[in-house]
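Here the structure is laid out as structure tokens; the discussion comes afterwards.
The values are calculated or read from the model by the stated rules, or taken from the named source; none is laboratory data. Just so it is clear, the model here is predicted, and its values are computed rather than measured. Don't worry about glycine lacking a Cβ; one is built from the backbone with ideal geometry, like all the others, and counts go over all protein chains shown.
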Amino acid sequence: MPGMADSRFAHTVIYMCAHSGDGAMGLVVNKLSDSIAFKELLEQVGVDDCTIRRDIPVHIGGPVETARGFVLHGGDYSHNGTMEVCDGIGLTASVDILREVAVGGGPEHCLLALGYSGWGAGQLEQEIQQNGWLTADADESLVFGAGLDEDRWRTAIGTLGIDPSMLSSTAGHA
């Protein structure tokens, strides 16, 4: 929402990966890192012994554990550490998937993020009630589709039939 007080989340689109009574975890899918490229990341994690055939952008997944990498991907890939997020979407946090992607294999569709966005028990629900977030159904084309990352926020809001210029930073409750 326009009134989001935390600048780290201004105009973000977050794909929720896990949500339970214990809390929630998601990845920002529309903010690119300007501090590290895929090749540099591979070198940092010790995957510098291969020819890179596939280069992918590195996203900022959120402010929690920013040195930890996560790959959100289609269901065509599975590793023993893959967590199934929903039908056809998985989340893998291993160096193996980075190596496979680099050499041209791995999942057809993937998004690499450093860090994640996390909420404690009831925190996300409270932020939604306080008009901090809009929610929409997951849309694979928003996550893996072609297009500019900065356009994903407008596109996500558009799936709700909302014109972003009509949003207000103030809220009321009846």
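Descriptive notes on the structure:
- So A121, is it among the aliphatic types (A, V, I, L, M), closer than 23 Å to E65 by Cα and at pLDDT 90 or above: yes
- The residue pairs whose first member lies in the stretch 62-74 and is among the acidic types (D, E), whose second member is surrounded by 15 or more Cβ atoms within 10 Å (Cβ to Cβ), and whose beta carbons are closer than 6 Å, counting only pairs six or more residues apart or on different chains, are E65/G115.
- Filter pass, A102 being in contact with a helix residue (DSSP H, G or I) (Cβ under 7 Å, 6 or more places away or on another chain), of a type outside the set (D, E, K, R) and under 15 Å from F9 (Cα atoms): no
- Residue check, G115 surrounded by 14 or more Cβ atoms within 10 Å (Cβ to Cβ) and under 26 Å from M1 (Cα atoms): yes
- Residue within the stretch 83-101 that is within 13 Å of the chain's Cα centre (by Cα), surrounded by fewer than 16 Cβ atoms within 10 Å (Cβ to Cβ) and not small (G, A, S) present: no
- Candidate set from the stretch 1-41 (those that are touching a helix residue (DSSP H, G or I) at 6+ places or on another chain (Cβ under 6 Å) and surrounded by 16 or more Cβ atoms within 10 Å (Cβ to Cβ)); member that is modelled with the lowest pLDDT: H11
- Residue that is nearest to D87 (Cα to Cα), among those in the stretch 134-150 that are touching a residue at least 40 places away in the same chain (Cβ under 8 Å) and in a helix (DSSP H, G or I): E140
- Under the condition of being loosely packed, with under 13 Cβ neighbours inside 10 Å and closer than 18 Å to L160 by Cβ, the residues counted in the stretch 119-133 number 1.
- Long-range neighbours under 7 Å by Cβ, at least six apart or interchain, first residue more than 16 Å from C17 (Cα to Cα) within the stretch 89-102, second assigned to a helix (DSSP H, G or I): L98/L42; A102/L42
- As for the stretch 33-42, it holds at least one residue that is touching a residue at least 40 places away in the same chain (Cβ under 8 Å) and aromatic (F, W, Y).
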